Amino acid sequence: MDGRLFRDAMGKFATGITIVAIREEEEVRAMTVNAFMSISLEPKLIAISIDKRASMHNRFELSSKFGISILADDQKELSMIFAKQMEKDRHVPFTTLDGAPVINNSLTTLSCQVNDRIDAGDHTIVLAEVHALNLKDGDPLVFYEGNYRGILPN
């Protein structure tokens, strides 16, 4: 099966958009991730998938704690900055949640501790336990068929 066909098929699954961030000494490093899912309620586990070719992959391998920011529909530019779809032309407002860097005004922010890393083809699946979270009302930023979308009201 052709790789492009497989990618197009996977694009038919709408996903939310997250920014995953680590602290490296005094600097925050972050990337856009849409391969995110909840795994377990007890313990509270999530999983993210990181492309082994991503510039953050090796840095992420050295980090045991990270933050996840689930983006709101008005945070498209942040997703584009950390997906390297546009230049970072402004200060990105990171804050800290239980020691992990997260983005202000996101729908949800999570502080996560790495539980396991699983080799999965050209990606690494990171399984992590959620230690703290914050919630905010709003609508999510959605990715579908290679494009950003919002959610229409009922």
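Between the alpha-carbon centres of region 35-99 and region 111-135 there is a gap of 11 Å.
Look at the alpha carbon pairs under 8 Å that are at least 6 residues apart: their mean separation over the length of region 1-152 gives a relative contact order of 28 percent. A Förster radius of 35 Å, combined with the Cβ-Cβ distance separating E61 from N104, puts the computed FRET efficiency at roughly 0.80. What's the local net charge at D8, with K and R +1, D and E -1, over the other residues with C-beta under 10 Å away? Around D8, the charge tally is +1. With the simple spin-label model, which puts each label point 7 Å out from Cα in the Cβ direction, the F6 to D51 separation comes to 1.4 nm. Taking other residues whose beta carbon is less than 12 angstrom from the beta carbon of E145, and scoring Lys, Arg as +1 and Asp, Glu as -1, yields +2.
Based on the Stokes-Einstein relation at 25 °C and a viscosity of 0.890 mPa s, and on the Kirkwood radius from alpha carbon pairs, region 18-141 is assigned a translational diffusion coefficient of 170 µm²/s. In straight-distance terms, cross-link reach from K65 covers every one of the lysines whose alpha-carbon lies under 29 Å from its own, apart from those fewer than eight places away in the same chain; here that gives K44, K52, K76, K84, K88, K136.
Using a simple spin-label model with pseudo-atoms 7 Å out from Cα toward Cβ, F13 and A83 lie 1.7 nm apart. Considering only P93, I50, L78, and ranking their Cα positions along the charge dipole of region 18-141 that arises from unit charges at the beta-carbon of Lys, Arg, Asp and Glu, the one farthest toward the positive end is I50.
Coordinate-derived values only; no laboratory data. Computed from a predicted model, the values in this text were never measured in an experiment. Every residue, glycine as well, gets a Cβ built from its backbone with ideal geometry; the counts of neighbours run over all protein chains shown.
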